[in-house]
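What follows is a set of notes on a single structure, which appears directly below.
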Amino acid sequence: MSYSDDKLKEILTRTKVVAVVGVSMNPVRPSYYVARYLSLKGFKVIPVNPGHAGKRLFGQEVRASLADCPDTVDMVDIFRRPEHVPPIVEEALEVFPNLRTVWMQIGVVNEEAAQMAEALGVDVVMDRCPKIEYQRLFGELRMGGFNTGIISSKL
């Protein structure tokens, strides 16, 4: 899986509304701080986790499923084990008419789901983190003008 920097930058630039599937309410979990970071960068983040449906996170109501999200979602960011990804992608393709990207987090790779999305013209990124890629591509991985090579969850 190789993605050009230009393609990743294009995806992150055009994306406005992200449904984060598997988001945690625990601030030390990667799904929490990735979603928080994206919301602080101006993305509208719709948290999706049936175990926390109805609660609020990052100014949004946590949704039980993708079908409960506004149809304006243009990217789905998936924090679930690879074997759980195909039904998530299938639901996303059904409910989001403007879906442009399916993003699977670090360690999440599912070729079946990727092929399903790509067959409908939806971009797929697997085994990557949008927070890390955003920081890397938009110059936030440095301090005082130097690239430190350190990736942190802190803002």
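The values are calculated or read from the model by the stated rules, or taken from the named source; none is laboratory data. Everything numeric here is computed off the predicted structure, so don't read it as measured data. All Cβ positions, glycine included, derive from the backbone under ideal geometry; neighbour counts span all protein chains shown. The area values use the complete protein model at the heavy-atom level, side chains included, leaving out ligands, DNA and RNA. Shrake-Rupley method; radii C 1.70, N 1.55, O 1.52, S 1.80 Å.
Things to note:
- Probe 1.4 Å, accessible area per residue of the chain, Å²: 51
- The mean sequence distance of close C-alpha pairs (under 8 Å, at least 6 residues apart), as a share of the length of the chain, puts its relative contact order at 20 percent.
- Among GLU111, GLU91, the order of accessible area from largest down is GLU111, GLU91, computed with a 1.4 Å probe on protein heavy atoms.
- Neighbour net charge for ALA67 - beta-carbon separation under 11 angstrom, K R +1, D E -1: -3
- Neighbour net charge for ARG128 - beta-carbon separation under 13 angstrom, K R +1, D E -1: -1
- Over all projection directions, the Cα-based convex hull of segment 29-80 averages an area of 3.5 nm².
- For PHE58, the solvent-accessible surface with a 1.4 Å probe is about 50 Å², rounded to the nearest 10.
- Summing Lys and Arg as +1 and Asp and Glu as -1 over all other residues whose Cβ lies under 14 Å from the Cβ of HIS52 gives a net charge of +2.
- Measuring with a 1.4 angstrom probe and ignoring ligands and nucleic acids, ASP127 comes out at about 60 Å² accessible.
- Three semi-axes describe the equivalent ellipsoid of the chain; taken as square roots of 5 times the Cα gyration tensor eigenvalues and ordered largest first, they are 23, 19, 14 Å.
- In this view, the solvent-accessible surface of LEU137, computed with a 1.4 Å probe and all protein chains in place, comes to about 30 Å².
- The share of accessible area on segment 1-42 that comes from carbon and sulfur is 49 percent, using a 1.4 angstrom probe.
- Accessible-area composition of segment 75-122, carbon plus sulfur, in percent [1.4 Å probe]: 49
- Long-range HN-HN contacts of MET104 with modeled amide H, under 5 Å: ILE78, VAL125, MET126, ASP127, ARG128
- Of the residues GLU140, GLU133, ranked by 1.4 Å probe accessible area with the largest first, the sequence reads GLU140, GLU133.
- For segment 24-52 versus segment 71-130, the inter-centroid distance based on Cα atoms is 17 Å.
- Tail weight of P(r) past 16 Å, computed on alpha-carbon pairs of segment 57-97, percent: 36
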